[in-house]
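Q: Got a structure for you, written out below as structure tokens; questions coming shortly.
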Amino acid sequence: METKQSPAFGKETAVKLYDAYERSFPYLRLSLTEICNFRCTYCLPNGYQPQGKPSFMSLPEIERLVKSFENLGVHKIRLTGGEPTVRKDFLEIIRMIGQRKAIKTLAFTTNGYQLRDHAEEWQKAGINAVNVSIDSLQREKFHQITGHDRRDEVLEGVEKCLALGFKSVKINVVLLRGVTDVELDDFLNYVKERSLTVRFIELMQTGDNKEYFEKFHLSADLILDKLKNLGWYEEIRSFDAGPAQNFSHPDYKGSIGIIAPYSKDFCKNCNRLRVTAKGNLRLCLFGEFGVPLRPLLQHDEQGGALEERILKQLTYKKSSHFLKEGFTGMMSNLSSTGG
Ligand code: SAM
Ligand code: SF4
């Protein structure tokens, strides 16, 4: 397969992962666990329900996986889940990835419950970017949505990351009818004096949340119209930008991002691959199948075979997720796939 180089990073990070639609994949989202301690209404309303004894990838398996993706030119890894920080070896995992020279960005997505107390040691171990999920700034609403009365400590965790100088701090807000539309001005005020990005994510329909989706789905167009009316302007996309649209305003330190998976061009800018906590490669969040990588993660000598399997599978990646047609693939909720 042809090797193209990313102009921003030079020779050593040549991206070898390309699909049939000329999209390149310098970005891996790696799920560490399906377990989560929160019960977000749109994701795990009844909490995490184990099916048998869960067996997620071990540290040595993750290390082999990361090495191979690094060889294939990946330079950004996001750890996700479930809640990635519930893993007892979370610190060791980030320490291991943090030492890999070609991984320029080591990010994680978290519900933030441990952020205030651990952000500093995680940063020292190699994390340099964080996305924290906060769907409501109101204490009661936050409690209702997540099942946890922890808004204050999660917000304190965000302040801690800002004070520590993380290279990127983002707040993920799932757009919910009756919640986000009511709090839109509060979220805009929140970025007025803070150098962070609030990203509004359109609620996605999954196998588990059909009724919820119909009741609460709120179109991202509402936010787009409001931003435009208030003088926010869309930033120019960088060559390797993902599917988010980003907006700035001269009077605000922070920025706003919109992730609208139902929009027509969403998949055109796809730049990421996923590996589930059980070691299956997912070409699309909503893809129909997972390719088992775990059998090739058992010995250090298997690296070549693993890289071949990943490259081969990429030729099957489809142009779009076909979500608009109501297709949800094999995903029952985002915690099982790694959101
Ligand atoms: N537990 C971590 C957290 O909540 O940040 C990481 C995993 S979570 C599955 C990753 C992101 O997916 C979160 O920002 C969450 O709000 C979002 N998410 C979960 N289910 C979703 C859905 N059905 N539609 C849109 N976003 C969803
Ligand atoms: Fe847990 Fe994240 Fe799902 Fe909420 S969105 S239930 S925090 S995995």
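Q: Out of the range 118-140, which residues are more than 16 Å from Lys167 (Cα to Cα) and either touching an Asp or Glu at 6+ places or on another chain (Cβ under 6 Å) or touching a residue at least 40 places away in the same chain (Cβ under 8 Å) (or both)?
A: Taking the range 118-140 first, the residues more than 16 Å from Lys167 (Cα to Cα) are 118, 133-140.
If the condition is that a residue be more than 16 Å from Lys167 (Cα to Cα) and either touching an Asp or Glu at 6+ places or on another chain (Cβ under 6 Å) or touching a residue at least 40 places away in the same chain (Cβ under 8 Å) (or both), then Ser133, Asp135, Ser136, Leu137, Gln138 are the ones that fit.
Q: Here is a follow-up. Please state which one of Lys104, Lys53 is open to solvent by 30 Å² or more (accessible area, probe 1.4 Å) and under 24 Å from Arg272 (Cα atoms). Before the answer, list the steps.
A: Values: Lys53 fails: under 24 Å from Arg272 (Cα atoms).
The conditions single out Lys104.
Q: How many residues does the range 79-93 contain that are open to solvent by 10 Å² or more (accessible area, probe 1.4 Å) and either touching a residue at least 60 places away in the same chain (Cβ under 8 Å) or among the small types (Gly, Ala, Ser) (or both)?
A: The number of residues fulfilling the criteria is 1.
Q: Also: Any idea which residue in the range 67-78 is least open to solvent (accessible area, probe 1.4 Å), counting only those that are closer than 28 Å to Cys40 by Cβ and more than 16 Å from ligand 2 (Cβ to nearest atom)? Outline the logic, then answer.
A: Step one: filter the range 67-78 for residues closer than 28 Å to Cys40 by Cβ, giving 76-78.
Next cut, more than 16 Å from ligand 2 (Cβ to nearest atom) only: 76-77.
Details: Lys76: 51, Ile77: 0 Å².
Applying the filter and picking the extreme gives Ile77.
Q: Kindly indicate whether Leu137 is modelled with pLDDT of 95 or more and under 30 Å from Leu72 (Cβ atoms).
A: Details: modelled with pLDDT of 95 or more: yes; under 30 Å from Leu72 (Cβ atoms): no.
Spelling it out, it is not the case that Leu137 is modelled with pLDDT of 95 or more and under 30 Å from Leu72 (Cβ atoms).
Q: So, one more: Filter the range 245-279 for residues that are open to solvent by 20 Å² or more (accessible area, probe 1.4 Å) and assigned to a loop (DSSP other than H, G, I, E, B) and give the result.
A: Of everything in the range 245-279, those that are open to solvent by 20 Å² or more (accessible area, probe 1.4 Å) and assigned to a loop (DSSP other than H, G, I, E, B) turn out to be His249, Pro250, Asp251, Tyr252, Lys253, Tyr262, Ser263, Lys264, Asp265, Cys270, Lys278.
Q: Can you say whether Glu61 is away from ligand 2 (no atom under 16 Å from the Cβ) and open to solvent by 20 Å² or more (accessible area, probe 1.4 Å), as far as the supplied structure shows?
A: Considered against the rule, which asks whether it is away from ligand 2 (no atom under 16 Å from the Cβ) and open to solvent by 20 Å² or more (accessible area, probe 1.4 Å), Glu61 comes out as no.
Q: How about the range 104-191: which helices (runs of 4 or more DSSP H) wholly inside it have at least 1 residues that are within 14 Å of ligand 2 (Cβ to nearest atom) and of a type in the set (S, T, N, Q)? Reasoning before the result, please.
A: Details: elements: 115-125, 139-146, 151-164, 180-190.
Here the list reads 139-146.
Q: Of the residues in the range 290-317, how many are open to solvent by 30 Å² or more (accessible area, probe 1.4 Å), within 13 Å of Arg64 (Cβ to Cβ) and part of a loop (DSSP other than H, G, I, E, B)?
A: Going through the range 290-317 one residue at a time, the tally reaches 2.
The values are calculated or read from the model by the stated rules, or taken from the named source; none is laboratory data. Because the structure is a prediction, the values reported are computed rather than measured. Reconstructed Cβ throughout: ideal geometry from the backbone, glycine too, with neighbour counts over all protein chains shown. In case anyone asks, the SASA skips ligands and DNA or RNA and just uses the protein heavy atoms, side chains included. Shrake-Rupley method; radii C 1.70, N 1.55, O 1.52, S 1.80 Å.
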